[in-house]
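Below is one structure, written out as structure tokens; the observations come after it.
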Amino acid sequence: MEGSSEVVNCLENGSSSEGRPPNPLAAAYRQCFSGPRVAAVAPCKKKSLVRHASLSNTASISIEPRLNIEDHAIDYLPILRSGAWGDIGFRSSMEDAYVCVDDFIHDYGLKNVSDGPNAFYGVFDGHGGKDAANFACNHLPRFIVEDEDFPMEIERAVSSAFLQTDTAFAEACLLDAALASGTTALAALVVGRSGFSISTYVKFMLVAFSLVVYPIAVDGGPGWVGAGPVHVARATAASWSDLASLNSLIVANAGDCRAVLCRRGKAIEMSRDHKPSCSHERKRIEALGGYVSDGYLNGQLNVARALGDWHMEGLKGSRGGGPLSAEPELKTTRLTEEDEFLIIGCDGIWDVFMSQNAVDFARRRLQEHNDPVMCSKDVVEEALKRKSGDNLAVVVVCFQPQPPPNLVVPRSKVHRSFSAEGLKELQSFLDSLET
């Protein structure tokens, strides 16, 4: 069942965070494509990125609100360990890809960021070929770190990176039409204390004293200027937002991959499947001129959001404005001591696992061996036993060094009572003693 010889990933099967995963953007990992097609893809230029044009109106970005900063203590630091596994399953070719980067900041050479957990994990479920999944696997992390909003406004940077990846793949397909394909994409970032820089901390402290500052150019260099109390409310919200990113899990999803967080044994779904038949997706599709037929978008695709698929007629406009959207839906939560691990899987996993069922299964395996690589493999092999008919890819991220604890369920008080028949029999017995 080992898929390492057949699976094309950003990482090899069985990759573990205990030996740092390779940087998927290093020269040897820059492209996952196999065969001569690689040469047709233009190399990516190293440059700073600006926010994607479609995000100029940020009000449309689907971002669920964070938990309040006071909900949990901010001194908790998750200890990250990850592993991944993939298998071709019963398909003729492997179109899934995954990536694990446990030290996002170090591997991408970011500066002005303090120590703390900063990690990136992704699963990409390709269709119509493997190239879109491989392209997203290799390029999405780079677009995130090079966005002008990273790391100060991570949600915006991640949303923009999804759309940048989609546009870049369209350009690659213009150079080589054989790359035409599509992929769903789910990315999970664990952002620790390095989620905000010294400048953010300075701004936060100044806001606490009712002095708001804005970046300006001073004699050709960076500087700060003060503002009056009228702007305090706006800046305070922004600064609390920066501070709230400490020890956060941010999940961005476009398609039907799924991320499930185990919080003290309970499954917390961190993403929503984007199926054309879902009411919220159907409304969006129809508003953009598309339709849903027998559960398929325009009768062609069984997902409502995906990267790529530029070759499919009527799904994307010239600027990606068609009914098939590459814009991710984001969900963020603060990590606490109760959070044990995260499962990220392609839809082939969730075809045979309910979210709570997957958490229960993975939890038992981690209690046995406490190894996220083996746990990922266990989940894949169990999905094969359950006759999943798709490619399979799973990433498991542990937040604690120790295995999940045994949960002690408190016994509820049992209220005992006699039935009417029992009382009648007892009365008969007592009456017989008197005679």
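Quick look at the values:
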| quantity | calculated |
| --- | --- |
| Number of positions in region 363-383 that are surrounded by fewer than 16 Cβ atoms within 10 Å (Cβ to Cβ) and not basic (Lys, Arg) | 4 |
| Residue that is buried (at least 23 other Cβ atoms within 10 Å of the Cβ) and farther than 20 Å from residue 161 by Cβ, where the choices are 249, 288, 261, 324 | 261 |
| Residue within region 368-390 that is without any contact (Cβ under 8 Å) to a residue 60 or more places away in the chain and under 18 Å from residue 251 (Cβ atoms) present | no |
| Evaluation of residue 348 against (1) open to solvent by 10 Å² or more (accessible area, probe 1.4 Å); (2) assigned to a helix (DSSP H, G or I) (one fails), failing number | (1) |
| Selected residue (criterion: most open to solvent (accessible area, probe 1.4 Å)) from residues of region 272-281 that are closer than 13 Å to residue 302 by Cβ and among the charged types (D, E, K, R) | 275 |
| Test set (1) surrounded by fewer than 19 Cβ atoms within 10 Å (Cβ to Cβ); (2) over 18 Å from residue 133 (Cβ atoms) - residue 297 fails condition number | (1) |
| Any chance residue 255 is out of contact with any Asp or Glu (no Cβ under 7 Å at 6 or more places or on another chain) and not acidic (Asp, Glu) | no |
| Filtered residue count, region 333-345, keeping only those that are open to solvent by 20 Å² or more (accessible area, probe 1.4 Å) and within 21 Å of residue 130 (Cα to Cα) | 0 |
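Residue by residue, here is whether (1) on the phi < 0 side of the Ramachandran plot; (2) more than 17 Å from the chain's Cα centre (by Cα); (3) aliphatic (A, V, I, L, M) holds:
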{"position": "286", "(1), (2), (3)": "yes, yes, no"}
{"position": "295", "(1), (2), (3)": "no, yes, no"}
{"position": "305", "(1), (2), (3)": "yes, no, no"}
{"position": "310", "(1), (2), (3)": "yes, yes, no"}
{"position": "334", "(1), (2), (3)": "yes, no, no"}
{"position": "348", "(1), (2), (3)": "yes, no, no"}
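The values are calculated or read from the model by the stated rules, or taken from the named source; none is laboratory data. The model shown is predicted, which means the values in this text are computed figures rather than measured ones. Neighbour counts are summed over all protein chains in view; Cβ atoms, including those assigned to glycine, are modelled from backbone coordinates with ideal geometry. Please note that ligands, DNA and RNA were not included when accessible areas were found on the heavy atoms of the full protein model with its side chains. Shrake-Rupley method; radii C 1.70, N 1.55, O 1.52, S 1.80 Å.
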